[in-house]
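Chemist: This is the structure I have questions about; it appears just below.
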Amino acid sequence: MKRRRFSLFKTAKIEDVEFIFSLEKALFREGVRSTKNSVIRSIKSPTQSVVILEIDSVQIGSYTLFNYEKSIRIYSIGVKEEFQGKGYGKLMMNHILDIAEKEHKNIVLEADINNLSLISFYENFDFERKQILPDYYGLGQNGIKMARDSGNQTNLIKNLVVVDKSIPWLN
């Protein structure tokens, strides 16, 4: 019989900085990864969310979100290498999608344009390629902006006109 695993998403605290920074160092190259100071700023920020995924009380991944009025930006997301390929990245993405759905927000992110497996991962969650970002990660290292629409059409309303008679230009 397979043992049931207990997963927990918890808001990161200052004492989690070492774990998050070690994850950043292991997964992202210098110049792309967050610095220890930027991790601390993100944890303290009222406009960012830093969340850690724990499985059976073991920290295995984290994500950082920037929270805007109508959108959420995935700034960083990663799973420790020894836990990759086991569905934990998908678990974290679904957690982010649930947040966006509850808040009726679109999600945006940037990815290395040459990392086709990462782009495919995001496309599996209905993200669309929006724009090439020249030199985003350094000279000759292009990024790609991707987005996922919340499906909440109220985000698209710019002006609303309510009238009680027929006006030709409104028809």
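Chemist: Could you go through region 52-63 in sequence order and give the Karplus-derived ³J(HN,Hα) for each residue, using 6.51 cos²θ - 1.76 cosθ + 1.60 with θ = phi - 60°, rounded to whole Hz, and x for Gly and Pro?
Modeler: 10, 9, 10, 10, 6, 6, 10, 6, 10, x, 7, 9
Chemist: Might you work out the accessible area of Tyr136 for me, using a 1.4 Å probe with all protein chains in place, and round it to the nearest 10 Å²?
Modeler: Ignoring ligands and nucleic acids, Tyr136 comes out at about 100 Å².
Chemist: So how many Å³ per residue does the convex hull of the Cα atoms of the chain work out to?
Modeler: 173 Å³
Chemist: Quick check on the chain: helices-only [θ] at 222 nm, where DSSP H runs of length 4 and up contribute -39,500 (n - 2.57) each and the sum goes over total residues. Nearest 500, please. Provide the component values of the computation, followed by the final result.
Modeler: Details: 4 runs with 44 residues, N = 171.
The per-residue figure over the chain is -8000 deg cm²/dmol.
Chemist: For region 6-74, give the magnitude of the charge dipole about the Cα centre (Cβ charges: +1 Lys/Arg, -1 Asp/Glu; no others), in debye to the nearest 20. Present the calculation step by step, with values, prior to reporting the outcome.
Modeler: On the way: 10 positive and 8 negative charges, 64 e Å.
Here region 6-74 has a charge dipole of around 300 debye.
Chemist: Hey, what angle do you get for helix 88-103 against the long axis of the chain, alpha-carbon based, 0 to 90 degrees rounded to 10?
Modeler: 30 degrees
Chemist: Okay, moving on. Compute the Cα gyration tensor for region 9-92, then decide on rounded, prolate or oblate, letting a ≥ b ≥ c be the square roots of its eigenvalues: rounded whenever a/c is under 1.5, prolate when a/b is larger than b/c in the other cases, and oblate in all that remain.
Modeler: In terms of gyration-tensor shape, rounded.
Chemist: Take the residue pairs Lys10/Lys36; Lys13/Lys36; Lys10/Lys80; Lys70/Lys165 and return only those whose Cα atoms are more than 22 Å apart. Show your work: numbers first, answer last.
Modeler: Working: Lys10/Lys36 19 Å; Lys13/Lys36 13 Å; Lys10/Lys80 16 Å; Lys70/Lys165 33 Å.
From the list (Lys10/Lys36; Lys13/Lys36; Lys10/Lys80; Lys70/Lys165), the Cα-Cα distance tops 22 Å for Lys70/Lys165.
Chemist: Using a 10 angstrom Cβ neighbour count of at most 14 plus a DSSP loop assignment to flag exposed trypsin sites (Lys or Arg not before Pro), which longest range of the chain is free of such sites? Walk me through the intermediate numbers first.
Modeler: Working: sites that count: Lys2, Arg3, Arg4, Arg5, Lys13, Arg29, Lys70, Lys86, Lys158, Lys165.
That gives 87-157 as the longest site-free run.
Chemist: What percentage of the solvent-accessible surface of the chain, computed with a 1.4 Å probe over protein heavy atoms, is contributed by carbon and sulfur atoms? Before the final figure, lay out the partial values.
Modeler: On the way: 5670 of 11220 Å².
Solvent-exposed carbon and sulfur of the chain make up 51 percent of the total.
Chemist: Relative to the Cα centre, what is the charge dipole magnitude of region 6-152, using +1 at the beta carbon of each Lys and Arg, -1 at the beta carbon of each Asp and Glu, and rounding to the nearest 20 debye?
Modeler: Details: 19 positive and 20 negative charges, 57 e Å.
Rounded to the nearest 20 debye, it is 280 debye.
The values are calculated or read from the model by the stated rules, or taken from the named source; none is laboratory data. Because the structure is predicted, anything quoted here is derived from the model rather than measured. When we count neighbours, we look across all protein chains shown, and the Cβ atoms used for this are built from the backbone with ideal geometry, even at glycine. Quick note on the areas: whole protein, heavy atoms, side chains included, nothing else; ligands and nucleic acids left out. Shrake-Rupley method; radii C 1.70, N 1.55, O 1.52, S 1.80 Å.
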